[in-house]
Amino acid sequence: MRTRYVKTGIDILMTAGLLLLMGYQIWGEEAHEWIGTGMLVLFLAHHILNRSFYKNLTKGRYTPGRIVLILIDTLLLVAMAAQMYSGIVMSRHVFAFLPFGKGMALARRLHILGAYWGFLLMSVHLGLHWNMFLNMTKKKLSFTEKAKRFSGLPFLLGVFISLYGVWVFLKRDFPLYLFLQSEFVFLDYGEPFWAYYLDYLCLMGLWIFVAHYLTKFLKKPRKNKNKNRKKETGL
Ligand code: HEM
């Protein structure tokens, strides 16, 4: 039980860390590097605590849902590794003592790719595990009969957030950076803090929504198959 709380605490810190890191222009370079270093530690802890994922890779059936999960997790691992490596190479504060003279141009490109793909993949990763979060909150909050009548509201809210998220995705030039169509990121140093985070939270919400409903969709046929099998066998 205690490990569950530590795991959830680390997941929350990593989500907050990612949002802080994406707001490079708001917090400044030195803070960015320290938060990035903290993220590296959290990332290692997250992997140690979830090591059963690797142990179980050779066990069980590979359903479509499981294949998507493993694919996203592998891509996320690559993006994070690229991010840490490129960040350390470019570091002018925390890792400035390391002798990285060359490779700056490659590191800068990798850092852009890692940041934007990493943000997208981490949001999808969150969405793939969203049921776990929903189950945890459902256990904590006991819904009254009246509240249950409004159970469609979270879905509608999700649609609304996602539509705004699509707009943010385009307005903030994500396609440009995801496909490295620009060697530089255009950062607005004068933008208010709240406007930036409202946008990024909605963008994260969009990918959580997409991934959450994708898992529901991928699980559906298996349920029906089982139902049919039950009908056929009478079990
Ligand atoms: C998940 C981890 C990280 C994310 C999401 C992230 C994200 C970003 C973003 C969005 C930018 C601004 C856009 C750009 O110039 O590329 C940036 C710049 C930068 N980051 Fe990170 N970062 C991460 C980790 C790190 C680490 C660990 C370090 C070093 C310790 C670091 C050092 C830097 C530096 C030096 C810049 C300025 C690059 C330049 O001058 O072109 N980052 N990062």
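The values are calculated or read from the model by the stated rules, or taken from the named source; none is laboratory data. All figures in this text were calculated on a predicted structure; none of them were measured in a lab. Heads up, the Cβs are rebuilt from the backbone with ideal geometry, glycines too, and the neighbour counts pull from every protein chain shown. Just so you know, the surface numbers come from the protein's heavy atoms only, side chains and all, with ligands and any DNA or RNA stripped out. Shrake-Rupley method; radii C 1.70, N 1.55, O 1.52, S 1.80 Å.
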Could you please give the count of residues in the stretch 91-127 that are without any contact (Cβ under 8 Å) to a residue 12 or more places away in the chain and part of a loop (DSSP other than H, G, I, E, B)? 6
Going through (1) open to solvent by 90 Å² or more (accessible area, probe 1.4 Å); (2) part of a helix (DSSP H, G or I); (3) at pLDDT below 75 one by one, Pro221 fails only at (1)
So for the stretch 63-73 (the condition being surrounded by 14 or more Cβ atoms within 10 Å (Cβ to Cβ) and within 8 Å of the ligand (Cβ to nearest atom)), does at least one residue qualify? no
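Given the options Gly28, Gly23, name the one that is modelled with pLDDT of 90 or more, open to solvent by less than 50 Å² (accessible area, probe 1.4 Å) and either among the basic types (Lys, Arg) or more than 10 Å from the ligand (Cβ to nearest atom) (or both). Outline the logic, then answer.
Values: Gly23 fails: either among the basic types (Lys, Arg) or more than 10 Å from the ligand (Cβ to nearest atom) (or both).
Of Gly28, Gly23, the one residue that is modelled with pLDDT of 90 or more, open to solvent by less than 50 Å² (accessible area, probe 1.4 Å) and either among the basic types (Lys, Arg) or more than 10 Å from the ligand (Cβ to nearest atom) (or both) is Gly28.
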Would you mind stating whether Ile88 is without any contact (Cβ under 8 Å) to a residue 24 or more places away in the chain, within 9 Å of the ligand (Cβ to nearest atom) and part of a helix (DSSP H, G or I)? yes
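Scan the stretch 84-112 for residues that are open to solvent by 30 Å² or more (accessible area, probe 1.4 Å) and touching a helix residue (DSSP H, G or I) at 6+ places or on another chain (Cβ under 6 Å) and jot them down. Spell out the reasoning first.
Of the residues in the stretch 84-112, the ones open to solvent by 30 Å² or more (accessible area, probe 1.4 Å) are 84-85, 88, 90, 92-93, 95-106, 108-111.
Residues satisfying the conditions are Met84, Met90, His93, Phe95, Phe100, Gly103, Leu110, His111.
Do we have any residue at all in the stretch 48-57 that's more than 19 Å from Trp117 (Cα to Cα), among the charged types (D, E, K, R), open to solvent by 40 Å² or more (accessible area, probe 1.4 Å) and over 20 Å from the mean Cα position of the chain (by Cα)? Before the answer, list the steps.
We begin by selecting, within the stretch 48-57, every residue more than 19 Å from Trp117 (Cα to Cα); these are 48-57.
Next cut, among the charged types (D, E, K, R) only: 51, 55.
Pick out the ones that are also open to solvent by 40 Å² or more (accessible area, probe 1.4 Å) and you get 51, 55.
Those left that are additionally over 20 Å from the mean Cα position of the chain (by Cα): 55.
Within the stretch 48-57, one or more residues are more than 19 Å from Trp117 (Cα to Cα), among the charged types (D, E, K, R), open to solvent by 40 Å² or more (accessible area, probe 1.4 Å) and over 20 Å from the mean Cα position of the chain (by Cα).
Applying the selection to the stretch 43-71, what residues are in a helix (DSSP H, G or I) and either touching a residue at least 24 places away in the same chain (Cβ under 8 Å) or in contact with a Gly (Cβ under 9 Å, 6 or more places away or on another chain) (or both)?
Start the filter on the stretch 43-71 by keeping residues that are in a helix (DSSP H, G or I), which leaves 43-49, 52-58, 64-71.
Of everything in the stretch 43-71, those that are in a helix (DSSP H, G or I) and either touching a residue at least 24 places away in the same chain (Cβ under 8 Å) or in contact with a Gly (Cβ under 9 Å, 6 or more places away or on another chain) (or both) turn out to be Phe43, Ala45, His46, Leu49, Pro64, Gly65, Arg66, Val68, Leu69.
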